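The values are calculated or read from the model by the stated rules, or taken from the named source; none is laboratory data. Owing to the predicted nature of the structure, the values given are computational and were not obtained by experimental measurement. Cβ atoms come from the backbone with ideal geometry, glycine included; neighbour counts cover every protein chain shown.
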Amino acid sequence: MKGKDPVDVIRKALPKTLVFYYPFAGRLREGAGRKLMVDCTGEGVLFIEADANVSLKDFGDNLLPPFPFLDEVLYDVPGSSNMLNAPLMLIQVTRLKCGGFIFAIRLNHTMSDGFGIVQFMNALAEICRGMNEPSISPVWHRELLSARNPPRVTCYHPELEQAPNNKGAVISLDNMVPRTFFFGPNEVASIRSLLPTNLRQQYSKYDIVTAFLWRCRTIVLQLDSNERVRLNILVSGRSKFVSLELPNGYYGNTFAIPAIVTTASKIVENTLGYMYALDLVKNAKTKVTREYMHSLADLIVTKGRHLFTLTEFMLLVSDIRRLGFRDVDFGWGKAVYGGPAIDSPLHGIVCFYIPSTNAKGEEGFAVPLCLPEQAMEKTHQSFVFEILVS
């Protein structure tokens, strides 16, 4: 690709890719019962060409969200971010003065999950590199996860139930402070050492880090002992444990967000609070089965596309380590960073597990976390965060 303009290459490949992913060129409509449908109008997607008078080095050595100049590298075209009757995708390619470029994409999340977005990006990259068609043929078939007729809600779904709200709001977005924590081999080993020797290999890396973060966050928020706290974990239906048996190439949403609800005292004051939180996380993952996913689809239909519950002091964890954003190659090699451009779409509520490398060259993952200013200050003082800040 030496000497070629990335903007020109990607722009020419995009309509060819949309031939295979033609629903993305349509518009989302709302039907009876708030049911969503894609009107395949062929109106297309938004593509923005830009130049920036900066080099990659100007972004610093550690590329992690939130990124500066986000509005410049992913321009929000007025009216384009609406869920209905608006473009489903926006792509901006920004040339850097060092010769590199930034590929930024925004997609209506009702169309695809992270796995589906990466599948589309890889297809676009293959067309950029000269292939005539994607190596993986896209599969639409959203009826595979449609609600049953009649609907049968057979599982408990606290993530969609109306939750009592003690103070009437989610965490205030005022005075929120972002900070990124890195989990490499040493940090994970230190957390695992908190467990009894005979239990250290019974929990996954995801389990021990998620429970640790949830408990630490609850401690520094200094909640009342009877305050209800909630952890939502994103579980993919593509997991071998869920066994939805979706065809290769399916690019729709296939995740559930099971909720764990308890009181602050049970994970903070109890001397075994970490073990308690750890078991809650592990059990929440295992309850997401094939039947659970179908029950969830049935419940969503009966509630009329009800949104999942947002409450005070909740945390939602999205693990994107294995999606492969960094591996997408448009012809100039793999990306130096691949992942979300912002620390969280809901500051203080959602956090991502992003593949990353620390200053020592150790592979691990970074977790951008937002907390109220006073709570973030306590992360420097609290022994529970000593593992991460030493």
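Here's the yes/no breakdown for (1) closer than 30 Å to ASP298 by Cβ; (2) free of Cβ contacts under 8 Å to residues at least 12 places away in the same chain:
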| position | (1), (2) |
| --- | --- |
| VAL9 | no, no |
| LYS12 | no, yes |
| LEU18 | no, no |
| TYR22 | yes, no |
| LEU28 | yes, no |
| GLY31 | yes, yes |
| VAL45 | no, no |
| SER55 | no, no |
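Can you tell me which residues in the stretch 199-224 are of a type in the set (S, T, N, Q) and in contact with a Lys or Arg (Cβ under 9 Å, 6 or more places away or on another chain)?
Within the stretch 199-224, GLN201, GLN202, SER204, GLN222 qualify.
For the stretch 98-105, indicate whether the set of residues that are surrounded by fewer than 19 Cβ atoms within 10 Å (Cβ to Cβ), modelled with pLDDT under 95 and in contact with a Ser or Thr (Cβ under 6 Å, 6 or more places away or on another chain) is non-empty.
For the stretch 98-105, residues surrounded by fewer than 19 Cβ atoms within 10 Å (Cβ to Cβ), modelled with pLDDT under 95 and in contact with a Ser or Thr (Cβ under 6 Å, 6 or more places away or on another chain): present.
Please work out which one of (1) surrounded by fewer than 14 Cβ atoms within 10 Å (Cβ to Cβ); (2) at pLDDT below 95 is the condition LEU63 fails and give its number.
It is condition (1) that LEU63 fails.
Could you list, in sequence order, the residues of the stretch 288-305 that are at pLDDT 90 or above, out of contact with any strand residue (DSSP E or B) (no Cβ under 9 Å at 6 or more places or on another chain) and not in a helix (DSSP H, G or I)?
Selection gives THR289 alone.
Could you check, for the stretch 166-174, whether at least one of its residues is at pLDDT 90 or above and either farther than 18 Å from ALA277 by Cα or out of contact with any Leu (no Cβ under 7 Å at 6 or more places or on another chain) (or both)?
No, the stretch 166-174 contains no residue that is at pLDDT 90 or above and either farther than 18 Å from ALA277 by Cα or out of contact with any Leu (no Cβ under 7 Å at 6 or more places or on another chain) (or both).
Pull up the stretch 238-254, narrow it to residues that are touching a strand residue (DSSP E or B) at 6+ places or on another chain (Cβ under 6 Å) and of a type outside the set (Ser, Thr, Tyr), then point me to the one that is farthest from SER318 (Cα to Cα).
Ranking the candidates gives PRO247 first.
Could you tell me whether GLY44 is surrounded by 15 or more Cβ atoms within 10 Å (Cβ to Cβ) and assigned to a helix (DSSP H, G or I)?
The answer is no for GLY44.
Residues are listed down the side, and each one gets a yes or a no for (1) outside the structural domain of PRO87 (by TED's automatic domain parsing); (2) out of contact with any Leu (no Cβ under 9 Å at 6 or more places or on another chain); (3) closer than 30 Å to ASN132 by Cβ; (4) not aromatic (Phe, Trp, Tyr):
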| position | (1), (2), (3), (4) |
| --- | --- |
| PHE24 | no, no, yes, no |
| ALA32 | no, yes, no, yes |
| VAL54 | no, no, no, yes |
| LEU63 | no, no, no, yes |
| PRO68 | no, yes, no, yes |
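Name the pairs: first residue in the stretch 61-79 and of a type in the set (Gly, Ala, Ser), second residue modelled with pLDDT of 85 or more, Cβ to Cβ under 8 Å, at least 6 apart or on different chains?
GLY79/ALA86
Surrounded by 20 or more Cβ atoms within 10 Å (Cβ to Cβ) and either in the same structural domain as ILE257 (by TED's automatic domain parsing) or not small (Gly, Ala, Ser) (or both): which single residue out of MET131, MET83, MET89, MET37 fits that description? Don't jump to the end; show me each part of the working.
Details: MET131 fails: surrounded by 20 or more Cβ atoms within 10 Å (Cβ to Cβ); MET83 fails: surrounded by 20 or more Cβ atoms within 10 Å (Cβ to Cβ); MET37 fails: surrounded by 20 or more Cβ atoms within 10 Å (Cβ to Cβ).
Exactly one residue qualifies, and that residue is MET89.
Name the pairs whose Cβ atoms lie under 7 Å apart, with the first residue in the stretch 209-236 and closer than 19 Å to ILE257 by Cα, the second surrounded by 24 or more Cβ atoms within 10 Å (Cβ to Cβ) and among the hydroxyl-bearing types (Ser, Thr, Tyr), and 6 or more positions between them or separate chains?
VAL229/THR218; ILE233/THR210
Of the residues ARG34, ARG29, which is under 25 Å from the mean Cα position of the chain (by Cα), within 30 Å of GLY304 (Cβ to Cβ), among the charged types (D, E, K, R) and at pLDDT 95 or above? Write out each step before concluding.
Working: ARG34 fails: at pLDDT 95 or above.
Matching residue, one of ARG34, ARG29: ARG29.
When you scan the stretch 1-39, how many residues do you find that are in a loop (DSSP other than H, G, I, E, B) and either of a type in the set (Lys, Arg) or over 17 Å from VAL93 (Cα atoms) (or both)?
The number of residues fulfilling the criteria is 6.
Scan SER239, SER243 and give me the residue that is within 21 Å of LEU160 (Cβ to Cβ) and surrounded by fewer than 17 Cβ atoms within 10 Å (Cβ to Cβ).
Being within 21 Å of LEU160 (Cβ to Cβ) and surrounded by fewer than 17 Cβ atoms within 10 Å (Cβ to Cβ) holds for just one of SER239, SER243, which is SER239.
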